[in-house]
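The values are calculated or read from the model by the stated rules, or taken from the named source; none is laboratory data. Keep in mind the model is a prediction, meaning the values are calculated, not measured. Positions of Cβ are generated from backbone atoms using ideal geometry, with glycine treated the same way; all protein chains shown enter the neighbour counts.
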Ligand code: KIV
């Protein structure tokens, strides 16, 4: 079965949790797809995890197209969603159409994700969905606004919580097929999840979301500094270090090739 946006909606109704991980290349996409992840997100966090930038802001559309196409080649079952990089959709609706159109046409992914939920972003979502481009929203901690928000938990004051709740409503009304809720209080995520008919995908937002997403480098223990809500299921950094050290040793002592 190939995962579709309609299937995600059914899973929400059936209370079947939705599983999402990020991917940035063919090899990881192939493994994660075969394991059975529902969504592979070509997140702009790849600017940091794969390209070594300090934030997601420097990522270009060209670089994103390159990574998204590689991920799509590795995914047979999962729905592949690609982040629109910073300043490739906020200038105007025309710019958003051009960018999202290029992403779908040139990479083959099935959907795009963009950050924010104010009226202007909601209007952009309406325009994209009207022309047939599925859009995933992303509210709470939005890393493209790091210089304004930092990496702190959002929605702690009643005013902030109300704003985020309203953004979720705006996005649903605008036609998103799902919304990422990042680093907000569990109770707020639970309230949004029970009000919306589209699925919520949480990251640092508690277990009552309809699905969960993690950055794959955090899951694998590749990132030296992890966010507080991440969980490393393996320490791949240590394992790679050990393998490379053994190789150096073998070559230096002429044990390899044997
Ligand atoms: O870019 C990314 O990896 C993301 C996830 C944190 C949801 O947007």
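Tallying residues that are part of a loop (DSSP other than H, G, I, E, B) and either within 14 Å of the chain's Cα centre (by Cα) or farther than 19 Å from residue 92 by Cβ (or both) within segment 109-158 yields 17.
Just one of the listed residues (161, 243) is surrounded by 12 or more Cβ atoms within 10 Å (Cβ to Cβ) and either part of a helix (DSSP H, G or I) or away from the ligand (no atom under 16 Å from the Cβ) (or both), and it is 161. Considering segment 30-60, and only residues there that are touching a strand residue (DSSP E or B) at 6+ places or on another chain (Cβ under 6 Å) and not in a loop (DSSP other than H, G, I, E, B), the residue that is surrounded by the fewest Cβ atoms within 10 Å (Cβ to Cβ) turns out to be 32. Consider segment 203-234 and keep the residues that are modelled with pLDDT under 95 and touching a helix residue (DSSP H, G or I) at 6+ places or on another chain (Cβ under 8 Å). The one that is nearest to the ligand (Cβ to nearest atom) is 227. The condition of being in contact with a strand residue (DSSP E or B) (Cβ under 7 Å, 6 or more places away or on another chain), closer than 22 Å to residue 51 by Cα and either in a helix (DSSP H, G or I) or touching a residue at least 40 places away in the same chain (Cβ under 8 Å) (or both) holds for only one of 198, 213, that being 213. Screening residue 190 on (1) within 24 Å of residue 13 (Cβ to Cβ); (2) assigned to a helix (DSSP H, G or I); (3) within 16 Å of the ligand (Cβ to nearest atom) shows it passes everything except condition (3). If you go through segment 177-187 and keep only what is crowded, with 18+ Cβ neighbours inside 10 Å, out of contact with any helix residue (DSSP H, G or I) (no Cβ under 7 Å at 6 or more places or on another chain) and not in a loop (DSSP other than H, G, I, E, B), you end up with 180, 182.
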